[in-house]
Amino acid sequence: MVRKLPEDKLTVALPKGRLFEQTIQLFNSCGILDRVVSPDSRKLILETEDFNFLLVRAKDVPTYVEYGVADIGVAGDDVLLESRADVYRPVDLGIGACTIMVAGLPEDREKYFSNPTSLRISTKYPTIARDFFGKKGIKVQIIELYGSIELAPLVGLSDFIVDIVETGRTLRENGLVVIEEIRPSTAKLIVNRASYKTKNSRIMDIIEKLENLLVKG
Ligand code: PRP
């Protein structure tokens, strides 16, 4: 049986994973969420008086919002660029700052910068990688992975990786270096286009609360 969420409430898609705790903190601080939620919780729907919160995989947040199951959500630029979801992005939340990079072994730098015609790239961001190298006119064979991307150049699965770098610790601990920066990424509040019109005052209220909090720092 399909369970419908109560429509009088706003539904919010929250990203599990690296953005989770900062998102919960932000929503707690501006009074949108009235309780602390543990990242270890296995519950997928959390109902409060005014909201339904859906705990979804970070990569899936744009999908829930684009299809209108969630009215709003939180997603990083990395995930948004990769999904190409058609959603509004009214607020840069400033959390989850990282950079999307090309990285590899230091001894392969020269190969990268000596006009290669083709490269093998491991990544969990195939669209971003294809776009980036397409613009450079470099043919790429994308090897899509779902985690521990840094392993790929170490074992010869690919020449380079396209991945996010936050502290740089994973690169350092595996003897890899940044080869080229693609773009910075931070988390955005995203809004379903129809909900933005039909639930405008409630969504504007959230935007205002978040913006006020961000101004205060
Ligand atoms: C991300 C990313 C890098 C790492 C970068 O992986 O894919 O591996 O974090 O962070 P750092 O610069 O602070 O080391 P994540 O932790 O999401 O795990 P995954 O490898 O399972 O995707």
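Using θ = phi - 60° in the Karplus curve 6.51 cos²θ - 1.76 cosθ + 1.60, the 3J(HN,Hα) couplings for the stretch 134-139 round to x, 5, 7, x, 9, 6 Hz; x is entered for Gly and Pro.
Is the C-alpha gyration tensor of the stretch 98-184 telling us rounded, prolate or oblate? Criteria: a/c under 1.5 is rounded; beyond that, a/b larger than b/c is prolate, otherwise oblate. It is rounded, given that a/c, with a ≥ b ≥ c, falls under 1.5.
When the accessible area of the stretch 98-184 is split by element with a 1.4 Å probe, what percent falls to carbon and sulfur? Carbon and sulfur together cover 47 percent of it. For the stretch 89-129, list residues with backbone N below 20 Å from a point placed 7 Å from the Cα of Leu154 toward its Cβ? It comes to 101-109, 120-125, nothing else. Please work out the C-alpha center-to-center distance from the stretch 27-92 to the stretch 97-175 and express it in whole Å. Spelled out, the Cα-based centre of one part sits 28 Å from the other. The residues of the stretch 79-119 expose on average 51 square angstrom of accessible surface per residue, using a 1.4 Å probe on protein heavy atoms.
In the chain, Cα pairs under 8 Å separated by at least six residues give a relative contact order of 27 percent. A simple charge model with +1 on the Cβ of Lys and Arg, -1 on the Cβ of Asp and Glu and nothing else charged puts the dipole of the chain at about 360 debye relative to its Cα centre.
Taking θ as phi - 60° and the Karplus parameters 6.51, -1.76 and 1.60, the scalar couplings of the stretch 155-165 work out to 10, x, 6, 8, 6, 9, 10, 10, 7, 8, 10 Hz in sequence order, x denoting glycine and proline. Relative to the Cα centre, the charge distribution of the stretch 98-184, modelled as +1 at Lys and Arg Cβ and -1 at Asp and Glu Cβ, gives a dipole magnitude of about 260 debye. The label-point distance for Val215 and Arg120, in a model that sets each label 7 Å from Cα toward Cβ, rounds to 5.4 nm.
Take the Cα radius of gyration of the chain and divide it by 2.2 N^0.38 Å, N being the number of residues; the result is 1.14.
Between Asp92 and Thr186, the modelled label-to-label distance comes to 0.5 nm, taking each label 7 Å out from Cα in the direction of the beta carbon. Here's the list of lysines a cross-link from Lys209 could span, going by alpha-carbon distance under 30 Å and ignoring same-chain residues fewer than 8 apart: Lys4, Lys9, Lys16, Lys43, Lys59, Lys188, Lys197, Lys199.
The values are calculated or read from the model by the stated rules, or taken from the named source; none is laboratory data. As the structure is a prediction and not an experimental result, all values here were calculated from the model. Every residue, glycine among them, receives a Cβ derived from its backbone with ideal geometry; neighbour counts consider all protein chains shown. Quick note on the areas: whole protein, heavy atoms, side chains included, nothing else; ligands and nucleic acids left out. Shrake-Rupley method; radii C 1.70, N 1.55, O 1.52, S 1.80 Å.
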